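The values are calculated or read from the model by the stated rules, or taken from the named source; none is laboratory data. Since the model is a prediction, treat every value here as computed from it, not as a measurement. Cβ coordinates were reconstructed from backbone atoms using ideal geometry, including for glycine residues, and neighbour counts include every protein chain displayed.
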């Protein structure tokens, strides 16, 4: 893999990029680029079309950067499209090791904002979110089988983290017949 500097003005943004970047996402990338610099290259094809790293390129341009580090892939157009989707999707599939994350952030005195978290999203990631609610022991006597319907409203960029937190609660408490829609 040969990395090189490429002028931002030469890069071609992918009009068919299936991933959209919220302002929160762009802010997190901006904060990271400002604090740590570019630590991984943008993947482009031979025509300089961005395959992976669209948000990094957008934010670098907003920051006034003239060049970014790139690597050129030799994937076919179909392979490059599949790779671009996989690159975005695979990052969503990972889970945080809550105790380890909390330890690393606290022991290194890392500012949450500098790593893309706010207090609420950090608490969800570490499993320390206060969800409130009613204890099952407080179920009224006339209810034969306790049943609950919980509606969670959150911003789209938090959806996966909230779903993962709920799944962990279900698993941890060995709840059965729970459906997430």
Among the candidates 61, 48, residue that is more than 18 Å from residue 33 (Cα to Cα) and in contact with a helix residue (DSSP H, G or I) (Cβ under 7 Å, 6 or more places away or on another chain): 48
Where residue 30 falls short, out of the listed (1) surrounded by fewer than 16 Cβ atoms within 10 Å (Cβ to Cβ); (2) within 27 Å of residue 119 (Cβ to Cβ): (1)
Failed condition for residue 97, given (1) modelled with pLDDT under 95; (2) closer than 29 Å to residue 165 by Cα; (3) in contact with a helix residue (DSSP H, G or I) (Cβ under 7 Å, 6 or more places away or on another chain): (3)
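Check every one of the strands (runs of 3 or more DSSP E) wholly within region 1-82 and list those with 1 or more residues that are over 29 Å from residue 159 (Cβ atoms) and under 23 Å from the mean Cα position of the chain (by Cα).
On the way: elements: 3-7, 42-44, 50-52, 67-72.
Because the criterion is at least 1 residues that are over 29 Å from residue 159 (Cβ atoms) and under 23 Å from the mean Cα position of the chain (by Cα), the strands (runs of 3 or more DSSP E) in region 1-82 that meet it are 42-44, 67-72.
For region 1-23, which residues satisfy the criterion of being surrounded by 14 or more Cβ atoms within 10 Å (Cβ to Cβ) and in contact with a helix residue (DSSP H, G or I) (Cβ under 8 Å, 6 or more places away or on another chain)? Explain how you work it out, then say what you get.
Keep residues of region 1-23 that are surrounded by 14 or more Cβ atoms within 10 Å (Cβ to Cβ), which gives 6, 8, 11, 14, 17, 19, 21.
Scanning region 1-23 gives 8, 11, 14, 17, 19, 21.
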